[in-house]
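To start, the structure under review is shown below, and the notes come after it.
The values are calculated or read from the model by the stated rules, or taken from the named source; none is laboratory data. Because the structure is a prediction, the values reported are computed rather than measured. Because the Cβ atoms are built from the backbone with ideal geometry, glycine has one as well, and the counts that use them run over all protein chains shown.
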């Protein structure tokens, strides 16, 4: 099993299906878990990390959900492989550093990913396409139950699941939704929306989560509070907030179509034309242009391309993916040329 096996497949969360998939790219639930009576990864010795890795892998081998999964030990991957997995949203930047005792387990469909010895001993995530947080939570809940039968978790009756970061203690659950909000950005309503989200104790981040800025008009919204609430309540609260944001984006899109249709269509077609004809293009410019093309597809202004193809391009044009496709390391200028060629190929350009 190799990282290269993922190059020619579409991750489940990129398929452009599910409820409100014109606005919601993906739903994700993440659980943090630690083994009882073992130091957290940032305090553990190398031998303790190795023991945790072996213990977790043994439990995984006996758990039905992980059948036909890929196991990648960080010590066996080069930097391009690690960046490739980060670009696919399967692991964090932090997991790629200090590789001793670390591994990543990924299901074939890329629905399930488990980081071993990141900030916590286990970081379990399930991702699905569209607005589907309830089912996503139900899946990860069953996975967690299966693992808990084989692993002794660090748990307190008073505090809940114990984690390396105190803000995760309690349910140790983060639910997040990836939203595409170009109309709210274009109508200059986005700052007001994000301010309201922050007041409700929700976090908004960029395409690659914590520590990243919004690009391509993508915003990842997640809960910040995990203590003192039931998991069901956390999911319900996120769902309620996301429905409001979806409604506001839909209203902003309709307002643009009614009040500024010519300007909107011009922006969409210019973006599409640039992508089809460019021979050198940066990743940042590509993401911004693809955002407008995706909006054009969602509004049926562009009718000769599907949402899944655009979603795939957001990932395929990233540096590590380009190098995997090319089969060798590329300089920044070589990547800009290869990126443009890939886009022209996918969009039927010149």
Next item on the list: Return yes when residue 246 is buried (at least 18 other Cβ atoms within 10 Å of the Cβ), in a helix (DSSP H, G or I) and touching a residue at least 60 places away in the same chain (Cβ under 8 Å) and no when it is not.
Entry: yes
Next item on the list: Filter the stretch 306-327 down to residues that are under 15 Å from residue 340 (Cβ atoms) and free of Cβ contacts under 8 Å to residues at least 60 places away in the same chain, then give me how many there are.
Entry: 5
Next item on the list: Please specify each residue of the stretch 2-23 satisfying the condition of being crowded, with 18+ Cβ neighbours inside 10 Å and not in a loop (DSSP other than H, G, I, E, B).
Entry: 3, 6, 12, 13, 14
Margin query: If I filter the stretch 175-198 for residues that are crowded, with 19+ Cβ neighbours inside 10 Å and part of a loop (DSSP other than H, G, I, E, B), do I get at least one hit?
Written below: yes
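Can residue 68 be described as surrounded by fewer than 21 Cβ atoms within 10 Å (Cβ to Cβ), free of Cβ contacts under 8 Å to residues at least 60 places away in the same chain and assigned by TED's automatic domain parsing to the domain that holds residue 34?
Yes: the conditions hold for residue 68.
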Checklist line | Pick from the stretch 210-232, criterion closer than 20 Å to residue 246 by Cβ and either part of a strand (DSSP E or B) or out of contact with any strand residue (DSSP E or B) (no Cβ under 7 Å at 6 or more places or on another chain) (or both), ranking: modelled with the lowest pLDDT | finding: 216
Item checked: Residue list for the stretch 34-70, restricted to those being within 26 Å of residue 14 (Cβ to Cβ), in a helix (DSSP H, G or I) and touching a strand residue (DSSP E or B) at 6+ places or on another chain (Cβ under 8 Å) -> 60, 65, 66
Checklist line | Subset tally (residues that are in a loop (DSSP other than H, G, I, E, B) and in contact with a strand residue (DSSP E or B) (Cβ under 8 Å, 6 or more places away or on another chain)) for the stretch 107-127 | finding: 7
Notebook entry, point to check: Only one residue in 85, 90, 104 is crowded, with 22+ Cβ neighbours inside 10 Å, part of a strand (DSSP E or B) and either touching a strand residue (DSSP E or B) at 6+ places or on another chain (Cβ under 7 Å) or assigned by TED's automatic domain parsing to the domain that holds residue 313 (or both), so which one is that?
Noted result: 104
Next item on the list: Provide a single number: the residues in the stretch 71-80 that are touching a strand residue (DSSP E or B) at 6+ places or on another chain (Cβ under 8 Å) and surrounded by fewer than 19 Cβ atoms within 10 Å (Cβ to Cβ).
Entry: 2
Next item on the list: Would you check if there is a residue in the stretch 291-301 being in a loop (DSSP other than H, G, I, E, B), in contact with a helix residue (DSSP H, G or I) (Cβ under 9 Å, 6 or more places away or on another chain), free of Cβ contacts under 8 Å to residues at least 60 places away in the same chain and buried (at least 16 other Cβ atoms within 10 Å of the Cβ)?
Entry: yes
